[in-house]
1. Order the peptides 10-20, 26-36, 40-50, 69-79 from the highest to the lowest mean number of other Cβ atoms within 10 Å of their residues.
2. How big is the antiparallel share of DSSP beta bridges in the chain, given as a percent to the nearest 5?
3. According to the square roots a ≥ b ≥ c of the eigenvalues of the Cα gyration tensor, what is the shape class of region 66-132, taking rounded for a/c under 1.5, prolate for a/b larger than b/c otherwise, and oblate for the remainder?
4. Please give the Cα centre distance for region 74-113 versus region 1-62, rounded to the nearest Å.
5. Treating the angle as unsigned and between 0 and 90°, give the value, to the nearest 10°, between the Cα long axis of helix 98-111 and the longest Cα principal axis of the chain.
6. Cα atoms only, the chain: Rg and Dmax in Å?
């Protein structure tokens, strides 16, 4: 299954104002930039932002039913969360390894355990889809 990661701007500037359904972000130039269209083939979609020190953090998770903005961002650990050899870019980054995506979902749920909600529901829908 295919999943997508998309850049949503700098964390410090954009995360406080991020809302479900967001279609743009404020760039380092102070201007609004539109997010590209999500690839139709992507089942799970992850919005990420860049934190000081060139660290990328997941801040948003979407599937066909939910659009969740995370209270607590999670730093992406290459290998563990995206598989090896995956580089983030301005265009949507595709990941096809369901095991690392499940690990990412589990880590996001743990990191945001103080605010239970739609993340466990997204995980359950994903598990059901994997079982066929």
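A short reminder: the numbers here are calculations on the coordinates, not readings from a lab. Predicted model, so just to flag it, every value in this text is computed and none were measured. With ideal geometry, Cβ positions are generated from the backbone for all residues, glycine too; neighbour counts draw on all protein chains shown.
1. Details: 10-20: 14.1, 26-36: 11.0, 40-50: 19.5, 69-79: 16.3.
Highest mean packing first, the order is 40-50, 69-79, 10-20, 26-36.
2. Working: 18 of 24 bridges.
Antiparallel bridges make up about 75 percent of those DSSP assigns within the chain.
3. Cα axes put region 66-132 in the oblate bin.
4. 14
5. 70
6. 13.9, 46
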